[in-house]
Amino acid sequence: MTDIQSRKADHLKICLEQDVQCDQITNGLEAYRFNHCCLPELDRDQVSLSSSFLGKPLGAPLLISSMTGGTDLAWQLNQRLAAAAQKYGLAMGVGSQRVALEQAPLAATFAVRRLAPDIPLFANLGAVQLNYGYGLAECCQVVEQLEADALILHLNPLQECVQTRGDRNFRGLLDKIAALCQHLPVPVIIKEVGNGISAAVAVELVAAGVAAVDVAGAGGTSWSRVESERATDPLQRRLGHTFANWGLPTAECVLQVRQALPQLPLIASGGLRDGLEVAKVLALGADLAGLASPLLRAAQESEAHLYNLLEALLAELATVMFCTGSATLAQLRRPHVLVSSPPSPRALTRSGEISYATSQDSSAL
């Protein structure tokens with residue numbers, strides 16, 4: 001097994017078997033609540049989750065976020081995830097396909113188009129590889145291998161700093177991304193891997209020609225913690241622990257990027273765990289909500305677990321819409337449907353005073 005294939009296997013094993021979630025920073029969504037409407041004037045069956053992204057129709061505004069590939073287990077999981085995406089009309093991204101470029105036989109572990117002929121399907125490479133010999137040809141190759149509708153380039157500077165022998169030269173990447181956007185035959189999507197994209201960076205990316213952004217904020221899986229678990233070098237392990245909770249919360253990213261770029265096709269991922277949180281990021285302005293770790297773990301259990309989780313997510317989202325009088329996703333984004341949540345009273349302290357949790361108090365979750 002090559003170094004990159006071994007790293008893929010380690011990443012998958014750690015994410016499935018260990019707690020590598022952020023534990024001192026949240027996705028920020030606890031700071032918002034929905035205004036309940038006790039008279040929605042709707043038939044629950046009239047609520048529509050249908051949507052579209054980059055011109056392709058969706059049964060619901062969900063993305064099975066980029067996760068895995070390159071190993072036998074990854075192939076099994078990708079098959080289950082793709083079949084589920086096709087069943088429910090969801091978008092799907094695969095994990096980084098660099099391993100498939102370096103070892104051609106492993107491309108089969110990503111090839112899911114026959115199982116999901118109708119969904120928006122996204123190829124994936126690390127943007128930093130544009131500084132390490134990759135260019136238009138390699139990007140076209142992974143798109144063609146997957147029969148993808150778009151290419152995700154992921155930005156992961158912190159992960160590369162923590163990763164042993166990581167690729168850390170990010171100099172001049174914006175110009176290379178701009179050149180790629182001009183010549184690649186499919187749209188380019190930029191995503192982080194769990195530390196967030198600020199409005200300022202999103203504006204630069206759109207000016208460079210990027211078609212969509214996935215903010216992938218902090219609050220979910222910490223790739224700093226993942227790499228720390230893999231590290232054999234004490235310095236790299238320490239770096240991973242130090243920066244385990246680094247990043248911009250998902251809610252903050254969505255709100256700021258949407259305000260700066262009202263028309264941008266926007267994906268929100270990073271620590272989303274249920275349909276209520278999906279509804280919140282959609283109401284904040286995201287077009288698509290991405291989940292990774294919960295779906296990965298469910299897919300490992302069985303197809304039935306995966307389908308049960310997706311059914312629950314869709315039912316939760318539809319319930320939010322019904323109980324806010326929102327028949328469509330557009331109506332869910334109306335003013336005052338989602339509002340800032342005031343601090344909630346906690347249990348009485350020993351002195352008899354009430355202590356209050358704030359949106360910055362992660363212990364309140």
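Read-outs: derived from the displayed coordinates by stated rules, not from any lab. For clarity, every value in this text was computed on a predicted model and none was experimentally measured. All Cβ positions, glycine included, derive from the backbone under ideal geometry; neighbour counts span all protein chains shown.
In the range 124-137, the residues that are within 13 Å of residue 184 (Cα to Cα) and touching a residue at least 24 places away in the same chain (Cβ under 8 Å) form Cβ pairs under 7 Å with partners that are part of a loop (DSSP other than H, G, I, E, B) and among the hydrophobic types (A, V, I, L, M, F, W, C), at six or more places apart or across chains, as follows: 136/184. The condition (being within 26 Å of residue 4 (Cβ to Cβ), of a type in the set (A, V, I, L, M) and assigned to a helix (DSSP H, G or I)) is satisfied by just one residue among 206, 128: 128. Residue 196 satisfies every condition listed in (1) over 17 Å from residue 66 (Cβ atoms); (2) part of a loop (DSSP other than H, G, I, E, B); (3) within 16 Å of the chain's Cα centre (by Cα) except (1).
Of all the listed residues (338, 317, 313, 309), the sole one being surrounded by 13 or more Cβ atoms within 10 Å (Cβ to Cβ), in contact with a Pro (Cβ under 7 Å, 6 or more places away or on another chain) and not basic (Lys, Arg) is 309.
Restricting attention to the range 188-217, the residues being surrounded by fewer than 18 Cβ atoms within 10 Å (Cβ to Cβ) and within 17 Å of residue 130 (Cα to Cα) number 1.
Against the test of being surrounded by fewer than 20 Cβ atoms within 10 Å (Cβ to Cβ), assigned to a helix (DSSP H, G or I), touching a helix residue (DSSP H, G or I) at 6+ places or on another chain (Cβ under 8 Å) and not basic (Lys, Arg), the options 111, 107 yield a single qualifying residue, 107.
So which residues in the range 227-278 are buried (at least 19 other Cβ atoms within 10 Å of the Cβ) and of a type in the set (Phe, Trp, Tyr), if there are any at all? Listed by number, the list holds a single entry, 243. Looking only at residues of the range 154-187 that are in contact with a Gly (Cβ under 6 Å, 6 or more places away or on another chain) and within 20 Å of residue 248 (Cα to Cα), we find that the one that is surrounded by the fewest Cβ atoms within 10 Å (Cβ to Cβ) is 160.
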